[in-house]
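**Student:** Before we start, here is the structure in question, set down as structure tokens.
The values are calculated or read from the model by the stated rules, or taken from the named source; none is laboratory data. None of the values given here were measured: they were computed from a predicted structure. Cβ placement follows ideal geometry from the backbone for every residue including glycine, while neighbour counts extend to all protein chains displayed. Only protein heavy atoms, including side chains, enter the accessible area calculation; ligands, DNA and RNA are left aside. Shrake-Rupley method; radii C 1.70, N 1.55, O 1.52, S 1.80 Å.
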Amino acid sequence: MMTCVGFFNYRYFVSFLVFLQMGCLYCLTLIFWNMDRIDPVERNFILLTSSLQSSILDISALSPTTYCFTLALAASISSGVLLLWHMYLCLTAQTTVDFYVNLRNRSDARSSGQVFKNPFDEGWRKNVRRIVGYVPWYKIIFPSLHKPPEPKYPFELTQRPDTSQLSQLDV
């Protein structure tokens, strides 16, 4: 699980989050734009039943439009927070693991009176270029077939685990 989103597919993961957020915002816009077109009888029924119900979260009191809006809003907020988190990581040249290691190193440096700087941070523009490659800004969001630039730090690709024993397991 720790290598699901690795160096070579991180750009595709971030673009997936961007497209997911755009889709959620599109759904929210369409649903919100059509909410005033709810039938007045249905609107009165919703208000009456929600005032009679003891719980606001009772699904029977919600119209399908309100339910879809709430679902799209929740998906938009959660995917938006994840997108913002990964944009921050992209801009600062960190992974999630690096963030926590750097947080600890920053705390240790602060306690000893020193200033900690992320050794891989080259400025936000170069950090973004390291992930998306050297393409014009208007092409960043579109899928591309070019390979990402070579990493600035060496790392070894680990071998795949031996899965020959998995077929021998009794199911």
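**Student:** Tally up the residues in segment 1-50 that are at pLDDT below 65, within 23 Å of the chain's Cα centre (by Cα) and either of a type in the set (S, T, N, Q) or not in a loop (DSSP other than H, G, I, E, B) (or both), please.
**Tutor:** 1
**Student:** Here's a follow-up. Is it fair to say Ser144 is closer than 25 Å to Met22 by Cα, of a type in the set (Gly, Ala, Ser) and at pLDDT 65 or above?
**Tutor:** Yes, satisfied.
**Student:** So, in segment 98-118, of the ones that are within 22 Å of Val14 (Cβ to Cβ) and free of Cβ contacts under 8 Å to residues at least 24 places away in the same chain, which residue ends up least open to solvent (accessible area, probe 1.4 Å)?
**Tutor:** The extreme case among them is Asn102.
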